[in-house]
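Everything below concerns the one structure shown next.
Each value in this text was obtained by applying a stated rule to the coordinates, not by laboratory testing. These numbers come from a predicted model, not from an experiment. Backbone-built Cβ (ideal geometry, glycine too); neighbour counts: all protein chains shown.
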Amino acid sequence: MHILVVNDDGPPSTHSSPYVHSLVRELQQAGHLVSVCLPHTQRSWIGKAHIIGQTVEPTYYRPPPLSLPPAGIVPQDGEADNAGTTHTRPFQQTEGGDAPEEWVLVNGTPASCVQIGLYHVFRERPPIDLVLSGPNYGRNTTAVFALSSGTLGGALEAATCNKPSIALSYAFFSKNHDRDIIAEASRHAVRVVEALYKQWPQDKSVDLYSVNVPLVSGVSTNKTVYAGILQNYWSSGGCFVAEDVVKDDAAAASATDVEEEKIRAGELPAGSASAIATPGTTSPANGPTPITHRHFKWAPQFTDIYRSVDEAPPGNDGWAVREGLTSITPLKANFFQAATQLHQTEFQLDPPTTDKSTSAVDVPISGLSTAEPVAEKEASSTSDPADDLYALIAYEDPYVQPIIVDALKAAMPNGRLNFITAAPGSTVPTADEPINLQNLLNKIDNRAASSKVLQITPYEAIDFDYVAKHASSTIINSYIIRKALIRKHFLANTVEQWVAKRPQSVLADHVQRTEAFEVDYAEFLDDALIEAFDLRASLDANEELENEEGRKWWILKPSMSDRGQGIRLFSTMDGLQAIFDGWEAEQEEAGEEGYGDDEDDHNDAVAAADLRHFVVQPYIHPPLLLPDTDGRKFHIRVYVLCLGALRVYVHRDMLALFAAKTYTPPWVTESGDDEEEGGPDLAAHLTNTCLQDEADKGDSVRRFWDLAEPEGSEGSTSVKDAIFNQICRVTGEVFEAAAVAAPIHFQPLGHAFEVYGLDFLVSADASSTSTPTAWLLEVNAFPDFRQTGTGLMDVVAQFWKDTLRLVVQRQVYGHTSEEDEAKEDRGALVLVKDVALGRR
């Protein structure tokens, strides 16, 4: 393919055009003939402009050889200069040697580069198949950016010249332009470009595509999705700020590139001009205000633009880039978006043909989609409409939504599945706008009254009223009442009551004794612990020990928080008091209404509403540490299916989630930035990846079965198998305990199913001949599947495939006989408990 590359950032430059040479090299390595025509200097924000009356003059750029990094990439110590060279005349054979690679630079606009590249300087070469404009130094998402973009302007010009064209932009999130991330983005961009050209519609429905690639590690393994352009607007601030007129500074012009880089990186906040003019003089009576002579400094105020993405529903191009996804927007060269039926569905890429190390996904995810339109019911004279399933799939998380959709498609017979949506253009219902299933179903023609309805939505959006009236035909993805397990203090009480009557229960040896208490204010902490006899005795004993190594440590958890928030370690009453005093001081400073509501997703504080119910357990030391894990502590995430009333399944493909730092005993003080003075560094102790910055996660999530076998694995059963057997026994019994001993707070329903994430921590036994112990930490409904990460998305996909296969078999079609059960395909799901509660 012969590709003409243009851009609006000019020739390679570390300040304003660091990506173009990287992309050109990747295109060339993929076997394409590449011709390059660029503006000779920065021409951003110029759109599809030509300069009337201008005589365009070219110069000629020769990039550095392949032995050096791409031009625009900052060279490392010891590397030669990679800036390339610029010449007033093209290479002549009389100069001797082989002809070098040579680009054309013109003193024009991106649109001018397209015209000159298509019709003039490269006419001796084969016909151009595709015009590629970019990669832009920064995103071109949302209407405000796209309508001004010179990158899109170049692609629009090519489209009006009747050439397929693609506008390509790299969205960066920091100025740390890692060359490996840029290289991965360029390899991924080449795959997208090749696939788009291969799949280009022949019906003229699309003239060009706008593609935004986020510069994040692993972008080639993240999804590529179709997305519409978010309609947004400038605020009252706009693009300029006024400043007093000062003497012209000759150096101002030379600072343009540096200032452009700061604008792109978000360093120039709203109203950032060095001298903002004060208001003019008082206006005369009954007259207009006099005009003050000022200059107006280019200072676009992007804060409101980024906020518009945060406030908009998912599915637009800005949202996709924010989520680390590559966005594709089909366009016509007339300002109409094209192929809108594709928006929010995943784009199909050919398998990568480059180095396999760029992809960490074992199972292709190209078949996944981020949303599903209403499906038309297939007519068949031989089928019974009562066998149809009408499914509302509106899971809150775009990570798992397409996985559920595809899993349900695989589970249902062809022609029997019909998707419905909450409202036209809507994909995710909310508690503020709940579902009315009856109204949705009333709009469907020819639906049999006895056909089954499946609703998979967030708990708050489930139409429980409809479910109660149509229990025989409706399946939902959540039990109404289940806090006996998912609230930490309720779980503690459930286990305590069960074990009290069954001392030989497996829960007695796999759930730590828990002290639960309530406290409203830090000053009342001492009173709240009056009945926590074991805890008080332990803390008092610790005070008497001079050697901290001999102390018994405890772990504090807010009962109704999640994502690892508010977890702390302590060994003395003073240490525990300091934790609560610190929280109270933070609340007073921030104000209760705003506390915990900042934009930091990894904030490990605890919201004011959660500062009441707490549980305290003995800290598990030492944890099991495995070879090849840098000595980091881990916990096991187990995905569990509860079906009807009540069958409990454990999914065999478990995950290991690792702490960010090497484990040290809690008495070895290495305070982190956010910890109480003198407290343990929680990054070595807490294994919840929600608390880790993206840059620190690395390989923090792994398959459990891929981990090295612990020492002591002798005989026919390995240590990992023994751990799995413990997990199965504990999981089955804890759900039985909730259903039997706490029926008020856990009520399984025959026409419901629910998925859970159970967390287990494995302790190392002092004896090398004994099996380590798996301790149940907590039970999570609606687990955060996103924390599994893109690289292990196939684990989540397989769990949902196995789950929905059983839901279809047992709850949609009622296959529950012994003969049916013998044929049941459970996949990786292991049945660990079958409790007859009389509510099948």
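Legend: ranking of residues W45, W498 from fewest to most surrounding C-beta atoms inside 10 Å; resulting order W45, W498.
Cα centroid separation, segment 1-49 to segment 443-512: 56 Å. Where a ≥ b ≥ c are the square roots of the eigenvalues of the C-alpha gyration tensor, would you call segment 90-205 rounded, which needs a/c under 1.5, or, failing that, prolate if a/b is larger than b/c, or oblate? In terms of gyration-tensor shape, oblate. Remark: C-alpha extents of segment 1-158 on the principal axes read 45, 37, 30 Å, sorted largest to smallest. For segment 448-557, dividing the convex hull volume of the Cα atoms by the residue count gives 195 Å³ per residue. Fewest-first ordering of K552, K833 by other beta carbons within 10 Å of each residue's beta carbon gives K552, K833. Note on segment 10-109: dipole from Cβ charges, positive end direction compared against V24, L38, P100; the farthest Cα belongs to L38. Taking amide H as placed 1.01 Å from N in the peptide plane, V36 has its amide H under 5 Å from the amide H of V5, V104, each at least 5 places away in sequence or on another chain. Taking amide H as placed 1.01 Å from N in the peptide plane, K833 has its amide H under 5 Å from the amide H of V648, each at least 5 places away in sequence or on another chain.
Judged by the gyration tensor of its Cα atoms, with axes a ≥ b ≥ c, segment 23-110 is prolate; a/c meets the 1.5 cut and a/b is the larger of a/b and b/c. Applying the Karplus relation 6.51 cos²θ - 1.76 cosθ + 1.60 with θ = phi - 60° to segment 750-760 yields 3J(HN,Hα) values of x, 9, 10, 9, 8, 9, 10, x, 9, 10, 10 Hz, where x marks Gly and Pro. What the phi angles of segment 8-19 give under the Karplus curve with 6.51, -1.76 and 1.60, with θ = phi - 60°, is a coupling list of 10, 9, x, x, x, 7, 5, 7, 10, 8, x, 10 Hz, glycine and proline written as x.
A protection proxy built from the mean count of other Cβ atoms within 10 Å ranks the segments 570-577, 821-828, 795-802, most packed first, as 795-802, 570-577, 821-828. Here the Karplus relation 6.51 cos²θ - 1.76 cosθ + 1.60, evaluated at θ = phi - 60°, turns the backbone of segment 38-52 into coupling constants of 10, x, 6, 8, 4, 9, 6, 6, 9, x, 9, 9, 10, 9, 4 Hz, with x for every Gly and Pro.
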